[in-house]
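Right, one structure below, let's go through it.
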Amino acid sequence: MLALYISLLVLLMAILGFAVWFGYYSLTVKLFKEIFARPEPMPRVDRSPTKLDQKTVFGRGKNWFYTTRNEYIDVRINSFDKVPLAGYFRPSHDRNTKFAVICLHAYGEHPAESAAYARLMMHQIECHVLITHLRAHQMSGGKKCTYGLYESVDLSRWIEFLKKQCGEDIKIFVVGRGIGATAALLAAQQLEFSNNVAGIIADCPMDSLPEVLNREGQKRYPFGTSMLMKSIDKMSQEKIRASIYRCDVLPGAGAIRVPVLFFCAGDDDVTTPHQVRAIYDDIRVQKRLITVDHAKHLMCYDRAPSTIEKEIRQFVEQCVVRLVSIGRM
């Protein structure tokens, strides 16, 4: 009888252990899909919305984009891993201008959300405009978003596209929001980063994907998700061939050699002011950090439009002066 009890106890413990393992594995898979899977299906046709909320700066910018949609050319390129990338290209009325702007939107956003910044940049300097669709967003292909990692390499392809369209000596400003800003900063850390880039405007960049995931996990689960990070990272390396710890701007921030203007939202609980400040502190080139009090994530421009417009105007002017001083203009 004792042997039977022991056998039943062992079996029960085995079942319990399997149940715990299965629950852990299922939660890891669920979180991996939520984190990396395409946020929405790829639309068959890129249609203009029937209604636009113009209560915010970004809503009005989106309305301006669709009002002038016929001035943009739909463009397609392939990334390094054969993922098809889409974008909107608007040549400047002055075909001889030596300036261009690339806009990189945030996670889950429509590319037109960047139009407010595109419009602002066009008011500051005569330039060509390229609004990109990040991989796994809208008309671009790809099943996985990598939070700036692969997107940083995609940016180099877009820079090459602009050089072919506008000339080898084109000077480019990159405006990124959220993971678009992260992609720009990761790209700028590379030794082969194009010297065509005159400056980066980074709106609420992320310093570390694991930090963001841990913080979001604490909001959703009483035990957090820190214990799952190793499993999620292992799955990430298997599925997208990249560690989540490579989506980290901070370790290489000191290698950035292009001027950067940061916008930080005071009430941001996604990419916190502490995160943005940490990146800013490690950069050793021309830089400026603007913190907008009481602004939520990605809402700096809407909260303080006059301040943002003034800072961008001054930043562009300073970058042009810098180009002249180093003999690149």
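Worth a mention:
- Of all residues in the range 117-127 being buried (at least 18 other Cβ atoms within 10 Å of the Cβ) and either part of a loop (DSSP other than H, G, I, E, B) or in contact with a Leu (Cβ under 7 Å, 6 or more places away or on another chain) (or both), the one that is modelled with the highest pLDDT: C127
- Test: residue in the range 85-107 that is part of a loop (DSSP other than H, G, I, E, B) and in contact with a His (Cβ under 6 Å, 6 or more places away or on another chain): yes
- Top-ranked residue in the range 288-307 [being within 17 Å of the chain's Cα centre (by Cα) and aliphatic (A, V, I, L, M); ranked as least open to solvent (accessible area, probe 1.4 Å)]: L298
- Across the range 181-213, the qualifying residues are those that are among the acidic types (D, E) and surrounded by 24 or more Cβ atoms within 10 Å (Cβ to Cβ), and the one among them that is nearest to the chain's Cα centre (by Cα) is D203.
- Test set (1) assigned to a helix (DSSP H, G or I); (2) at pLDDT 95 or above - S140 fails condition number: (1)
- Note on the range 159-178: among residues that are open to solvent by 10 Å² or more (accessible area, probe 1.4 Å) and assigned to a helix (DSSP H, G or I), the one that is nearest to G252 (Cα to Cα) is E160.
- Output for the range 43-64, where each listed residue is modelled with pLDDT of 90 or more and either open to solvent by 80 Å² or more (accessible area, probe 1.4 Å) or touching a Gly at 6+ places or on another chain (Cβ under 7 Å) (or both): R60
- Residue list for the range 267-287, restricted to those being open to solvent by 30 Å² or more (accessible area, probe 1.4 Å) and not aliphatic (A, V, I, L, M): D267, D269, P273, H274, R277, Y280, D281, D282, R284, Q286, K287
- If you check S156, S114 for being buried (at least 24 other Cβ atoms within 10 Å of the Cβ) and in contact (Cβ under 8 Å) with a residue 24 or more places away in the chain, only one passes: S114.
The values are calculated or read from the model by the stated rules, or taken from the named source; none is laboratory data. In this text, all values refer to a predicted model and were calculated from it rather than measured experimentally. When we count neighbours, we look across all protein chains shown, and the Cβ atoms used for this are built from the backbone with ideal geometry, even at glycine. We work out accessible area using only protein heavy atoms, side chains counted, and drop any ligands, DNA or RNA first. Shrake-Rupley method; radii C 1.70, N 1.55, O 1.52, S 1.80 Å.
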